[in-house]
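The values are calculated or read from the model by the stated rules, or taken from the named source; none is laboratory data. Note that the structure is a prediction, hence the values are computed from the model and not measured. With ideal geometry, Cβ positions are generated from the backbone for all residues, glycine too; neighbour counts draw on all protein chains shown.
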Amino acid sequence: MGKRTIIPFGPQHPVLPEPIHLDLVLEDETVVEAIPSIGYIHRGLEKLCEIKDFNQMVYVVERICGICSFGHGWGAVASMEGAMGVQVPERAEYLRTILHELGRVHSHLLWLGLLADGFGFESLFNHCWRIRETVLDLFEKNTGGRVVFSICKVGGMRKDISNENLKEMQEVMNGLKAEIKEVTDVFINDASVKNRMTGVGVLTKEEAEELCAVGPMARASGVPQDIRMTDNHGVYGKLGFEPVLEEAGDCMARTVVRIREVFQSIDLISKAIDQIPDGPVDMKVPNKIEGEYITRMEQPRGEAFYYVKGGGTKFLKRMRVRTPTNMNIPAMVKTLAGADLADVPMLVLTIDPCISCTER
Amino acid sequence: MIIIVVIVAALLCLAVPYLLGFFKFGKTILGSTFKKPATLMYPVKPREWQERTRGSVSIDADGCIGCGMCARACPTNAIDVDKKGGTWTIQRMQCIQCSACVDCCPKKCLNMENLYTIPDVVKIVDTVEIPTKAAASDAAPAGDGDLTCDKETCVFCGLCAKACPADALTVDRKEKVWEVDKEACVKCGACIDKCPKKSLSFGGAAEAAEEAPAEDDGPLACDKEVCVFCGLCAKNCPADALTVDRKEKVWEVDEDSCVKCGVCIDKCPKKCLAFGGAAAEAEEAPAEEAPAEAAAKTIAAVKDGECIGCNACVNACPAGAIPDVVDNDWKVDKEKCIGCGACVDGCPADALYMKEV
């Protein structure tokens with residue numbers, strides 16, 4: 001056994017968009033143990049529900065994360081609607097599904113950019129973000145916001161999106177496919193990218209199941225785990241959803257899962273726009289919440305969990321959000337053990353960490 | 001110089017196929033070299049805003065009544081409304097542009113502008129002067145004083161409480177209670193607009209009790225000759241005072257429960273309801289023969305080729321006069337049709353209309 005060294009990694013590090021700290025215990029160049037610590041950006045969402053009524057809480061929950069903002073908003077309103085026992089109009093469900101998938105495209109493109117930046121491929125990074133900009137423009141046109149949309153409300157949507165705008169969205173997204181393919185082929189085929197990612201940080205199917213990995217992290221190890229497979233989540237049941245699976249479980253597989261999900265999301269958006277019915281997007285809901293309810297959502301990073309408990313007033317008694325990164329940290333620590341120090345940035349990045357989500 | 005550039009370019013062109021084998025990104029990079037930048041050439045080319053872009057909140061100060069709904073809806077407490085001092089204040093740094101205030105404003109004097117607040121080195125706080133109470137009462141004398149209800153004319157129907165955006169009103173029909181929470185009342189006047197009896201006003205029953213007595217004499221009566229027993233009156237009654245049975249041709253009113261709000265009269269498709277049995281009876285004699293014809297006079301009909309076969313009308317028809325629609329072939333049983341028009345209201349394709357026979 002060589003001499004052990006502890007290297008602090010983060011909370012400030014070039015590959016980390018958000019602060020997480022890792023104590024890397026090294027033997028020579030090999031990591032033998034990684035001890036994570038979080039808590040740099042705790043914002044006290046759960047306490048806020050005591051002073052913000054449930055309509056205001058939607059805006060708070062949306063701001064948990066700037067990347068999966070729509071999904072968080074949807075998760076919050078879906079759990080509140082569940083507690084009230086209301087069923088929102090079908091068109092609203094379709095619009096939510098479309099915007100959520102659009103959010104997934106934007107999130108995965110952002111992450112692909114960060115990954116490219118992580119292994120030093122600056123031009124690839126810029127191209128990913130250039131494509132993502134088109135998606136953000138679509139968001140701004142249809143919701144009014146680029147990253148925080150504030151379009152979901154308890155009982156439906158605050159604004160309808162006209163059928164013309166949806167058709168335009170469909171055309172733009174289908175047109176983007178070629179551009180995205182050009183860029184994502186580089187991730188899959190380029191020799192330097194392959195060298196950094198193939199066979200690095202393998203998480204086997206058994207380990208993924210044991211450590212409760214979620215989202216692309218689990219699916220890259222061959223675990224068919226996706227909340228969109230269940231029928232009661234949005235309108236995915238009507239769109240014929242099949243989860244994207246890879247078997248290898250290494251960094252490359254996790255990247256490929258996300259790349260394939262980008263194309264899958266575009267197809268889902270296209271299908272949903274073809275199917276969307278006309279009708280109202282909003283309904284009247286009670287102005288108080290009673291009872292409790294749990295909602296599970298498939299965020300771009302994996303399964304998120306929302307719990308609300310009402311006390312018969314317009315304030316929630318309890319609100320709890322468990323985010324996907326929270327669940328993926330054990331798997332990340334597992335893959336870090338035994339890795340080379342130089343591979344640590346890749347391993348941290350490929351769980352798509354969203355620390356702000358985790359700490360809420 | 002030019003020669004060197006040409007030689008380098010020629011070499012590059014020759015090397016492209018070779019380079020592509022190694023650098024999968026070569027084609028894209030080469031293409032991008034000759035493209036315009038993807039970024040906007042700001043400020044030469046200005047940013048174009050979308051119609052929905054949420055930039056900053058603006059206020060039309062003249063319309064503001066200082067109700068404070070916006071301050072209460074704001075999730076970040078960015079807005080302060082001082083009604084006495086006559087100011088409306090927004091802390092721009094705290095505002096998250098969610099436009100909750102714009103949606104809840106009862107006077108629609110708040111707007112969401114496309115432009116963001118212009119950057120500054122201090123945290124911007126904008127204060128706008130709004131009309132104070134004294135100024136407002138000059139403009140609209142009726143808007144003075146607390147909200148009051150003339151209990152003589154009030155029927156305790158509760159429509160005011162439903163319309164109140166601030167949940168300031170409590171109405172109990174059974175106990176004949178009408179209460180206003182003066183702290184919560186924002187004096188927006190939404191309740192006054194909704195009141196069917198015009199019993200509400202700010203600062204005393206000035207304009208109340210004028211038309212109320214005229215409508216109010218006598219209990220609710222139904223002209224059973226005209227009535228098609230469709231049940232729309234019972235469905236809309238806020239007090240559940242009406243019982244209608246189509247099969248038995250029964251129409252009954254529970255006079256103790258009836259709050260005389262008149263909602264049923266508005267909803268009746270055959271206009272057979274009225275207050276005051278006497279008035280209705282007086283009309284009844286000359287109308288005795290006509291109603292039977294009137295009832296059969298209009299029946300539902302379909303516009304050619306517009307029926308989508310959704311069967312919404314089948315479910316909507318209170319008389320069961322429409323059989324299941326097969327192959328978009330819409331039919332109505334002329335004997336059974338009571339001419340209430342419920343199918344026309346229920347048709348999602350606007351394919352139905354009422355036809356005079």
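Just a few scattered comments:
- Residue match in the stretch A:283-304 (condition: over 17 Å from the mean Cα position of the chain (by Cα), assigned to a helix (DSSP H, G or I) and not small (Gly, Ala, Ser)): no
- Reported count of residues in the stretch B:73-111, each being away from every other protein chain (no Cβ under 14 Å), hydroxyl-bearing (Ser, Thr, Tyr) and buried (at least 16 other Cβ atoms within 10 Å of the Cβ), is 1.
- Test: residue in the stretch A:287-310 that is out of contact with any Cys (no Cβ under 6 Å at 6 or more places or on another chain), surrounded by fewer than 22 Cβ atoms within 10 Å (Cβ to Cβ), on the phi > 0 side of the Ramachandran plot and within 14 Å of chain B (Cβ to nearest Cβ): no
- Residues that are assigned to a loop (DSSP other than H, G, I, E, B) and β-branched (Val, Ile, Thr) were ranked within the stretch B:331-355; the one that is modelled with the highest pLDDT is B:332.
- Evaluation of residue A:270 against (1) under 30 Å from residue A:26 (Cα atoms); (2) of a type outside the set (A, V, I, L, M, F, W, C); (3) modelled with pLDDT of 85 or more (one fails), failing number: (1)
- Enumeration of residues in the stretch A:104-148 that are assigned to a helix (DSSP H, G or I), within 14 Å of chain B (Cβ to nearest Cβ) and small (Gly, Ala, Ser): A:113, A:116, A:123
- Yes/no for residue A:240 being without any contact (Cβ under 8 Å) to a residue 60 or more places away in the chain, away from chain B (no Cβ under 14 Å) and over 29 Å from residue A:331 (Cα atoms): yes
- Just one of the numbered conditions (1) within 14 Å of chain A (Cβ to nearest Cβ); (2) under 15 Å from residue B:60 (Cβ atoms); (3) surrounded by fewer than 16 Cβ atoms within 10 Å (Cβ to Cβ) is not true of residue B:114: (2).
- In the stretch B:52-70, the residue that is farthest from residue A:161 (Cα to Cα) out of those that are within 13 Å of chain A (Cβ to nearest Cβ) and in contact (Cβ under 8 Å) with a residue 24 or more places away in the chain is B:69.
- When the stretch A:191-212 is filtered for residues that are assigned to a loop (DSSP other than H, G, I, E, B), under 19 Å from residue A:117 (Cα atoms) and in contact (Cβ under 8 Å) with a residue 60 or more places away in the chain, the ones remaining, listed by number, are A:200, A:201.
- Hits in the stretch B:221-262 - residues which are at pLDDT 75 or above and of a type in the set (A, V, I, L, M): B:221, B:226, B:228, B:232, B:234, B:241, B:242, B:244, B:250, B:253
Yes or no, residue by residue, for (1) touching a Cys at 6+ places or on another chain (Cβ under 7 Å); (2) modelled with pLDDT of 85 or more; (3) under 30 Å from residue A:90 (Cα atoms):
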residue	(1), (2), (3)
A:125	no, yes, no
A:147	no, yes, yes
A:163	no, yes, yes
A:169	no, yes, yes
A:176	no, yes, yes
A:195	no, no, no
A:223	no, yes, no
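- Leading residue by the ranking (surrounded by the most Cβ atoms within 10 Å (Cβ to Cβ)) among those in the stretch A:30-64 that are outside any helix (DSSP H, G or I) and touching a His at 6+ places or on another chain (Cβ under 6 Å): A:64
- Filtered residue count, the stretch A:261-282, keeping only those that are loosely packed, with under 15 Cβ neighbours inside 10 Å, part of a loop (DSSP other than H, G, I, E, B) and at negative phi: 3
- Look at the stretch A:283-303: where a residue is outside the structural domain of residue A:65 (by TED's automatic domain parsing), no partner that is basic (Lys, Arg) sits 6+ places away or on another chain with Cβ atoms under 8 Å.
- Counting only residues that are in contact with a Leu (Cβ under 8 Å, 6 or more places away or on another chain) and either aromatic (Phe, Trp, Tyr) or over 15 Å from residue A:344 (Cβ atoms) (or both), the stretch A:1-36 holds 3 of them.
- Residue within the stretch B:311-330 that is at pLDDT below 70 and either exposed (fewer than 14 other Cβ atoms within 10 Å of the Cβ) or of a type outside the set (S, T, N, Q) (or both) present: no
- Checked against (1) over 22 Å from the mean Cα position of the chain (by Cα); (2) within 11 Å of another protein chain (Cβ to nearest Cβ), residue A:188 meets all criteria but (1).
- Against the list (1) closer than 25 Å to residue A:88 by Cα; (2) in contact (Cβ under 8 Å) with a residue 24 or more places away in the chain; (3) outside any helix (DSSP H, G or I), the condition residue A:248 fails is (1).
- Of the residues making up the stretch B:103-144, those that are among the polar types (S, T, N, Q), over 18 Å from residue B:79 (Cα atoms) and modelled with pLDDT of 80 or more number 1.
- Residue tally, condition within 14 Å of chain A (Cβ to nearest Cβ), surrounded by 18 or more Cβ atoms within 10 Å (Cβ to Cβ), in a loop (DSSP other than H, G, I, E, B) and over 18 Å from the mean Cα position of the chain (by Cα), over the stretch B:146-192: 1
- Pairs meeting the criteria (first residue in the stretch B:1-13 and at pLDDT below 75, second residue of a type outside the set (Lys, Arg), beta carbons under 9 Å, at least 6 apart or on different chains) are B:12/B:19; B:12/B:30.
- The one condition from (1) modelled with pLDDT under 85; (2) more than 12 Å from every other protein chain (Cβ to nearest Cβ) that residue A:52 does not meet is (2).
- With respect to being touching a helix residue (DSSP H, G or I) at 6+ places or on another chain (Cβ under 8 Å) and surrounded by fewer than 18 Cβ atoms within 10 Å (Cβ to Cβ), residue A:191 fits the description.
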